[in-house]
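First comes the structure, then the notes that go with it.
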Amino acid sequence: MKKLSFLLSLTTNDNDYQIEQAASAQEAARRLGVQLQIVYADNDAITQSQQLLRVIQSSSSARPDAIVFEPAGSTGLPQVAKAAAAADIGWVILNREADYIAELRRSRRVPMFCITSNHHEIGRIQGQQIGALIPQGGSVLYIQGPTGSDAAQQRTDGMLETKPESVQCRMVRAQWTEGSAYQAVSAWLRLSTSRSLQMDAIVAQDDSMAMGARKAFQEITDLELRDRWLGLPFTGCDGMPKTGQVWVRNGSLSATVIVPANAGMAVEMLTRSLQSGSTPAQRTFTDVVSFPSVTDLAASSRSRKRKS
């Protein structure tokens, strides 16, 4: 039997979730005896589409059996998907839903499907965490993912649904990386309006962005002001075992949302489908959970307030 070959396209190699995505896919590929190539798009949708088209348009002997990708931009690359389908290359989208998948599945035999986290539910959990941390109300600096990102918008919508009405959010945009959040928060701190604001928590849509925000506050030269900022609860999202969960345990973050890496699941589902001829579901959701639980977070928050 021919050894299966997959291409995994990720957004960047300097984000803890994307690093875990690569690791989970590599582990699954080793276990299943699948060849796996990984490319990174440097957070650029044009770069990503060009990378994938080059692979699709290469000689038939060099083409992978399937492409797994996490979109770097605001779309699921429908034209690239059609080119992959025409070349009989399987197509899996991670952490994004795309309407065109249904049409392609009707006309092609190769596996084409989505595996995604429920980003709206992630946002709802973050809103609940905000309520646990500042039930009396207040203000939050909320660090979003990039403009045009469905995941960022869905997480924002979910958060706004469940946060207390008495909590106001000041929004800042970043690019899912520590460095971009550091730059965004540093620029926000230079605004005269930021100096007069009283914030009660820093909430980021990604653990690495939360840590980038911490780095920006650590560089404030006014020690009293710096300590006030760093004394606030910071929360993130992704909850990778070696990063986000560690940062919660060591106190750098108050909470995160565990979002399991799903690239390994994609490799497993593709392998099963191509070897058995089975058809995966059009969409598979991965489970997300608060870490620590919202109940435990509220209890620890009350305990800290009593001690202070």
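Of all residues in region 177-218, those satisfying the criterion of being more than 23 Å from Leu133 (Cα to Cα) and among the small types (Gly, Ala, Ser) are Gly179, Ser180, Ala184, Ser186, Ala187, Ser192.
Between Ser194, Ser117, the distinction of being open to solvent by less than 10 Å² (accessible area, probe 1.4 Å), farther than 26 Å from Gln245 by Cβ and either more than 13 Å from the chain's Cα centre (by Cα) or of a type outside the set (A, V, I, L, M, F, W, C) (or both) belongs to Ser194 only. The set of residues from region 69-79 being crowded, with 24+ Cβ neighbours inside 10 Å and out of contact with any Pro (no Cβ under 8 Å at 6 or more places or on another chain) comprises Phe69, Glu70, Ala72.
Could you list all residues from region 218-253 that are among the aromatic types (Phe, Trp, Tyr) and crowded, with 22+ Cβ neighbours inside 10 Å?
Phe234, Trp247
Show me the helices (runs of 4 or more DSSP H) found entirely inside region 165-270 where at least 3 residues are touching a strand residue (DSSP E or B) at 6+ places or on another chain (Cβ under 6 Å) and under 28 Å from Gly73 (Cβ atoms). Here the list reads 178-189, 207-218. Residue by residue through region 127-148, note down the ones that are part of a loop (DSSP other than H, G, I, E, B), β-branched (Val, Ile, Thr) and open to solvent by less than 20 Å² (accessible area, probe 1.4 Å). Residue satisfying the conditions is Ile134 alone. Among the residues making up region 45-67, those that are farther than 25 Å from Leu274 by Cβ and open to solvent by less than 60 Å² (accessible area, probe 1.4 Å) are Ala45, Thr47. Against the condition open to solvent by less than 10 Å² (accessible area, probe 1.4 Å) and under 16 Å from Ala213 (Cβ atoms), how does Ala184 come out, does it pass? No, not satisfied.
Being closer than 22 Å to Arg283 by Cα and hydroxyl-bearing (Ser, Thr, Tyr), is that true of even one residue in region 25-48? No; the residues of region 25-48 include none that is closer than 22 Å to Arg283 by Cα and hydroxyl-bearing (Ser, Thr, Tyr).
Against the test of being touching a Lys or Arg at 6+ places or on another chain (Cβ under 9 Å), of a type outside the set (Asp, Glu), under 30 Å from Gln153 (Cα atoms) and touching a residue at least 24 places away in the same chain (Cβ under 8 Å), the options Ala66, Ala85, Ala23 yield a single qualifying residue, Ala85. Does region 153-162 contain any residue that is at pLDDT 95 or above, within 18 Å of Ile122 (Cβ to Cβ) and in a strand (DSSP E or B)? No, that holds for no residue. Residues that are out of contact with any Phe, Trp or Tyr (no Cβ under 7 Å at 6 or more places or on another chain), among the small types (Gly, Ala, Ser) and buried (at least 19 other Cβ atoms within 10 Å of the Cβ) occur at least once in region 276-295. Listed by first and then second residue, the pairs with beta-carbon distance under 8 Å, at least 6 apart or on different chains, first residue in region 169-190 and closer than 13 Å to Ala152 by Cβ, second in a helix (DSSP H, G or I) and open to solvent by 40 Å² or more (accessible area, probe 1.4 Å), are Ala174/Gln183. Pairs meeting the criteria (first residue in region 276-292 and more than 26 Å from Asp99 (Cα to Cα), second residue open to solvent by less than 80 Å² (accessible area, probe 1.4 Å) and assigned to a loop (DSSP other than H, G, I, E, B), beta carbons under 6 Å, at least 6 apart or on different chains) are Phe291/Gly239. Can you work out which of the residues in region 149-178 that are closer than 23 Å to Asn13 by Cα and open to solvent by 40 Å² or more (accessible area, probe 1.4 Å) is farthest from the chain's Cα centre (by Cα)? By that ranking, first place goes to Arg173.
Scanning region 80-109 for residues that are under 14 Å from Ser273 (Cα atoms) and in contact with a Leu (Cβ under 8 Å, 6 or more places away or on another chain), we see that the one that is surrounded by the fewest Cβ atoms within 10 Å (Cβ to Cβ) is Gly90.
The values are calculated or read from the model by the stated rules, or taken from the named source; none is laboratory data. All figures in this text were calculated on a predicted structure; none of them were measured in a lab. Cβ sites come from the backbone with ideal geometry, for glycine too, and all protein chains shown count toward neighbours. Note: areas computed on protein heavy atoms with side chains; ligands, DNA, RNA excluded. Shrake-Rupley method; radii C 1.70, N 1.55, O 1.52, S 1.80 Å.
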